[in-house]
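Nothing in this text is a laboratory measurement; each read-out follows from the coordinates by a stated rule. What you see is a predicted model, and the numbers here were worked out from it, not measured in a lab. Positions of Cβ are generated from backbone atoms using ideal geometry, with glycine treated the same way; all protein chains shown enter the neighbour counts.
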Amino acid sequence: MKAIYLVKNGDPKKAFELRDHKIESPGEGQLLINVESFGLNYADVMARNGIYNDAPPLPAVLGYEAVGRVEAVGSGAEKFKKGDRVLAFTQFGGYAQQCVADSRTTVKLPDSISNSAGVALATQYCTAYYAAIRMANIQPHERVLIHACAGGVGIALTQLAKWLGCEVVGTAGSDQKIEFLKEQGVDYPINYRKEDFATSVRAKLGEHPVDVIFDPIGGKTFKNGNKLVRFGGRHIIFGVSSWSGSKGNVFDKLKLAWDFGLMHPLQFLLKSNGVIGLNMLRIAEQNPSVLGDVMAKVVELADQNILIPHIRGEFKAEEIADAHHLLESRNSIGKVVVNW
């Protein structure tokens, strides 16, 4: 079997190699899966650039999600059988023709959901569901601000928010993406490259107009957004893509901390609001059954066409560098998928 190995940091054309890959038999509670498709996430780009702390040491096989068929079943995972079509959260190892996955973070995938849509559900849609439903507990008629709204998680958050009857403010970085957001039903799309999002939101909606913010960017975006949250509001941060252009040295770390701004628990107490961080890798590691429940729910909603992943591009395995380049360019709208 083959896998795509990250062998060095930097340029995607030089960073990856297709190598032979040996997989051990599945252990207790595990499944061996013949992978048909896997997805890319921005954490993969950060890992390739050497600035993702959770990345395994090189050479490494990246990949958080895979769709395929069960090849072998470990003890304690008998609810699955050989041949089952599944979606798995892989905690690395997804960029391979075979992977081993925890059965607790694997769900059966109905034929109504394509491979490409399936891989979007494992990370992006589970992140969105956990953030919106379990953490923010968004309610009908609330106003939510979604940064990177045309990305995979942003699209998922928009679909969940509109399904639940919320008003959506969404930011994106191109006119093409703004038109896409309008098609998705975003009520107030903002091109952050043309106007300051915080100033625009205040001008349109008032001084403290937002109940919930979903932020994968961090830094100054977090600090400026925090001033928009009204009393009783929630600010969910689930990424720090502003860090991706840094070299990761101590000066970059200090700048990032400064950009986030100073915070004190008293300020949250006085406004009865809060900031919550979300790292789905930690959920998968510490509460895999919780992630499995969330995966089952998003698959159910996708099967009902309530959640509809948008696929930006599909690539062959040997085109992994092109797939990474597209995602890193920030010109992608939706999920980037690789097929074997």
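What's the extension gain from Ser289 to Ile308 if we count 0.36 nm per residue and subtract their Cα-Cα distance? Intermediate results must be reported in sequence, preceding the final value.
Working: separation 19, 0.36 × 19 = 6.84 nm, distance 2.41 nm.
Residue separation times 0.36 nm, minus the Cα-Cα distance, leaves 4.4 nm.
So which trypsin sites (Lys or Arg not before Pro) in region 6-94 end up in coil per DSSP with only 12 or fewer other C-beta atoms within 10 Å? Kindly include the intermediate steps, with their values, before the conclusion.
On the way: sites: Lys8, Lys13, Lys14, Arg19, Lys22, Arg48, Arg69, Lys79, Lys81, Lys82, Arg85; in loops: Lys8, Lys22, Lys79, Lys81, Lys82.
Listed in order of number, the matching sites are Lys22, Lys79, Lys81, Lys82.
To make sure I understand, if each residue's beta carbon is the centre and we count other beta carbons within 10 Å, what order do Leu160, Leu121, Leu326 fall in, fewest to most?
On the way: Leu160 25, Leu121 31, Leu326 18.
With the sparsest Cβ surroundings first, the list reads Leu326, Leu160, Leu121.
Counting other C-beta atoms within 10 Å, which of His141, His147 has the fewest, and how do the rest follow? Mind dumping the intermediate values first?
Working: His141 10, His147 28.
Ordered by Cβ neighbours within 10 Å, fewest first: His141, His147.
Just give me a number: lysine pairs in region 123-280, eight or more positions apart or cross-chain, with C-alpha atoms less than 21 Å apart.
Within region 123-280, the lysine pair count is 24.
Dipole of the chain (Lys/Arg Cβ +1, Asp/Glu Cβ -1, origin at the Cα centre): which of Phe197, Ser25, Phe89 lies farthest to the positive side?
Final value for the positive-end residue is Phe197.
Which parts of region 101-118 would a label at Arg69 reach, counting a residue when its backbone N lies under 19 Å from a point 7 Å out along Cα-to-Cβ?
Zone members listed by number: 101, 107-118.
Any idea how far apart Glu28 and Ser329 come out in nm if each label point goes 7 Å out from Cα toward Cβ?
Calculated label separation equals 4.9 nm.
In the set (i) 57, 46, 39; (ii) 57, 43, 39; (iii) 71, 56, 35, which value of Cα extents along the principal axes in Å was calculated from the structure you see?
(ii)
Taking the beta-carbon count within 10 Å as an exposure proxy, list Asp293, Asp54, Asp111 from fewest neighbours to most.
Least to most surrounded, the residues fall as Asp111, Asp54, Asp293.
Sum -39500 (n - 2.57) across every DSSP H segment of at least 4 residues in the chain, then divide by the residue count to get the 222 nm mean residue ellipticity, nearest 500. Write down the numbers at each step before the final one.
Details: 13 runs with 108 residues, N = 340.
Mean residue ellipticity, 222 nm, calculated: -8500 deg cm²/dmol.
Antiparallel DSSP bridges in the chain: what percent, to the nearest 5? Please report the intermediate quantities before stating the final value.
Details: 30 of 55 bridges.
Percentage antiparallel, nearest 5: 55.
According to a simple spin-label model (label point 7 Å from Cα along Cα-to-Cβ), what is the distance in nm between Lys13 and Glu36?
In this crude label model, Glu36 to Lys13 measures out at 3.3 nm.
Suppose the chain between Asn137 and Asp175 were pulled fully straight at 0.36 nm per residue; how much longer would it get relative to their current alpha carbon spacing?
Stretched out fully, the Asn137 to Asp175 stretch lengthens by 10.6 nm.
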